[in-house]
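**Student:** One structure coming up, written as structure tokens, with questions to follow.
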């Protein structure tokens, strides 16, 4: 573990239970290893707490590296995503993945592309006065968080950026404005309503048929706006139309609607489907 | 904590992280509290390891009790179910629930209703020679495990029994043979092929129109047997037909098929749907 001068690892939670059993096609499965670190960010001028899920089982192989999933709103979805990845990789349905859960401090600041004080209902809301921090946040990730992870963990080059709601517009914004940072994107119920549909307009400009995007994107909606007088749902349908009609070369995409899920229950099912979609063609390495 | 004479609590893993943030409709959510206990069972004449997920947030209320979900194959599905319950109860989509994950020792023994050495493919398999332990296992639960949980945790009277594969036939068998033990049952891809379709025949006898079953049951299948020369899928369809055609008074049921999920990936989606089904009419208590 190097790089300790600018990063403080203050708490390691490590549970490794080895049990034995005789199972019907089911071996035992009990490796959970999550770490919590704090990064004193110079870019953001504040300390940021990060949860990290490390694939322990496979870490014994000295040269093995893993894809990394950078997860926004880590405080909400880290445990579910870590449990999915631990379980699915054990059964070789997806590869083992490092999960980096970024804990929110001011998500209206970090997870919005522009400054605006207009809320979801079109009303002025002064609590949005810190908004517009996406670019600043991307700089934190690019110059501090990602280098830290790549220095201190067995991180491979493949990176996934995952978010929900404001986190969803943040991952889409990053795909368009910093296309070199990540390989795959998950945008669950992206808040495309933000700032007079700023991200939809950005997509209109960026998604040209000639654009080359060697990327994967999964986006979804729940029941938001389906029976309401607002455009949450139709905005995502418009985004989907842009993707479908302009099909940028090299962009693999999937849109899924979950009409039975609310804005807050949808991430449970959508994150699962997103992982399965991104790794639909993945095959486990041949055993030697 | 009483009752320590016959139960040894040897390891407590407790993580309670309190963080602060300014979120957009999302408060922070960081309570994970899982315990691991070992019960030296007289009935089974062996020690049994149990994982327990306790709703910590709400435990401050002195008189509050929680439903309890008894989970078979705890080594496989405990983390996912605990994460679901922690998340969904935080957003008041379902109530907080205590999860009791029973770690397998010999699941072919504990989780089969009868003795048989015929495997899934109709061949003799001597590794099934310990099979047929359901009744013995139910006695362990009834006389040792459930009393322990009810003595040492804030367990209410509502109990759910959940299992997958052999665990699925075990929960169905328990519903028919010990109907007073549980209120709700989850049977994910139950191995109805077992012992010449023993559980299907039992259902045929027990599911009469006049039978009163004040119960809830969720059962499901993945892609098993859909394109294969075996009856895994059609057996569950037959079970469903028995339920639908005889509709016992007071039995609330739901069958769901997941053709895109394998035997081992299906529990992830099916356990979520099962929780949502069992608590579809649940409403959070009114705030005082």
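Every number here is computed from the coordinates shown, using simple stated rules; none is lab data. Since the model is a prediction, treat every value here as computed from it, not as a measurement. Cβ: placed from backbone, ideal geometry, glycine included. Neighbour counts: every protein chain shown.
**Student:** Any chance you could tell me what percent of the C-alpha pair distances in segment B:144-288 go past 17 Å?
**Tutor:** 62
**Student:** How many nm separate the modelled label positions at residue A:201 and residue B:143, each set 7 Å beyond the Cα in the direction of the Cβ?
**Tutor:** Those two pseudo-labels are separated by 7.5 nm.
**Student:** Moving to a separate point now. Run through all the Cα pairs of segment B:8-278 and give the fraction in each 10 Å bin from 0, expressed as whole percent.
**Tutor:** Result, from short to long distances: 6, 29, 35, 21, 7, 1, 0 percent.
**Student:** Can you give me the angle between helix B:266-278 and the longest principal axis of chain B, using Cα atoms only, in degrees from 0 to 90, rounded to the nearest 10?
**Tutor:** Relative to chain B, helix B:266-278 is tipped by roughly 70 degrees.
**Student:** State, as an integer percentage, the relative contact order of chain B based on alpha-carbon contacts under 8 Å between residues 6 or more apart.
**Tutor:** Over chain B, the number comes to 15 percent.
**Student:** Could you sort the peptides A:115-127, A:41-53 by per-residue average Cβ neighbour count (10 Å cutoff), highest mean leading?
**Tutor:** Ranking the peptides A:115-127, A:41-53 by packing returns A:41-53, A:115-127.
**Student:** Let me ask something else about it. Put a label point 7 Å from Cα along the Cβ direction on residue A:42, then list its distances to the equivalent points in the other copies in nm, shortest first.
**Tutor:** Between copies, matching label points for residue A:42 lie 6.8 nm apart.
**Student:** Based on the Cβ-Cβ distance of residue A:214 and residue B:210, what FRET efficiency does E = 1/(1 + (r/R0)^6) give at R0 = 56 Å, to the nearest 0.05?
**Tutor:** For R0 = 56 Å, the calculated efficiency reads 0.30.
**Student:** If you take each beta carbon of peptide A:263-269 and count the beta carbons of other chains within 10 angstrom, what is the mean?
**Tutor:** The shielding value for this peptide is 5.
**Student:** Helix A:232-246 against the longest principal axis of chain A: what's the angle in degrees, Cα atoms only, rounded to the nearest 10?
**Tutor:** The helix A:232-246 is inclined about 80 degrees to chain A.
**Student:** Here's another thing I want to ask about it. How compact is segment B:173-255 by the rule of thumb for globular proteins, expressed as Cα Rg over 2.2 N^0.38 Å?
**Tutor:** This ratio for segment B:173-255 stands at 1.06.
**Student:** Further question: Taking every DSSP beta bridge with both residues inside the protein assembly as shown, roughly what % is antiparallel (nearest 5)?
**Tutor:** Here the share of antiparallel DSSP bridges comes out near 40 percent.
**Student:** If you take each beta carbon of peptide A:81-93 and count the beta carbons of other chains within 10 angstrom, what is the mean?
**Tutor:** 3
**Student:** Summing -39500 (n - 2.57) over the DSSP H runs of n ≥ 4 in chain B and dividing by its residue number, what mean residue ellipticity at 222 nm do you reach, to the nearest 500 deg cm²/dmol?
**Tutor:** So the calculated ellipticity at 222 nm is -9000 deg cm²/dmol.
**Student:** Also, I was wondering about something else. For the rotation taking chain B to chain A, which residue of B has the Cβ nearest the axis, and how many Å away is it?
**Tutor:** B:83, 2
**Student:** In addition: Students often check this: by mean Cβ neighbours within 10 Å, which of B:94-103, A:221-230, A:82-91 ranks highest, and how do the rest follow?
**Tutor:** In descending order of packing, they fall as B:94-103, A:82-91, A:221-230.
**Student:** Per-residue Cβ counts within 10 Å, from other chains only, averaged over A:73-79: what number is that?
**Tutor:** Per residue, the number of nearby Cβ atoms from other chains is 6 on average.
**Student:** May I ask for the Kirkwood hydrodynamic radius of the protein assembly as shown, worked out over all distinct Cα pairs and given in angstroms to one decimal?
**Tutor:** Here the Kirkwood hydrodynamic radius works out to 25.3 Å.
**Student:** Roughly how many whole Å is it from the C-alpha centroid of segment B:118-197 to that of segment A:34-57?
**Tutor:** 42
**Student:** Does anyone have the angle between helix B:194-206 and the longest principal axis of chain B? Alpha-carbon axes, 0 to 90°, nearest 10?
**Tutor:** 80
**Student:** State the antiparallel share, in %, of DSSP beta bridges confined to segment B:8-278, rounding to the nearest 5.
**Tutor:** The answer is about 45 percent antiparallel.
**Student:** Additional query: Highest mean first, what order results for A:157-164, A:239-246 on Cβ atoms within 10 Å?
**Tutor:** Highest mean packing first, the order is A:157-164, A:239-246.
**Student:** Going by Cα centres, segment A:253-276 and segment A:80-100 are how many Å apart?
**Tutor:** Taking the Cα centre of each part, segment A:253-276 and segment A:80-100 sit 17 Å apart.
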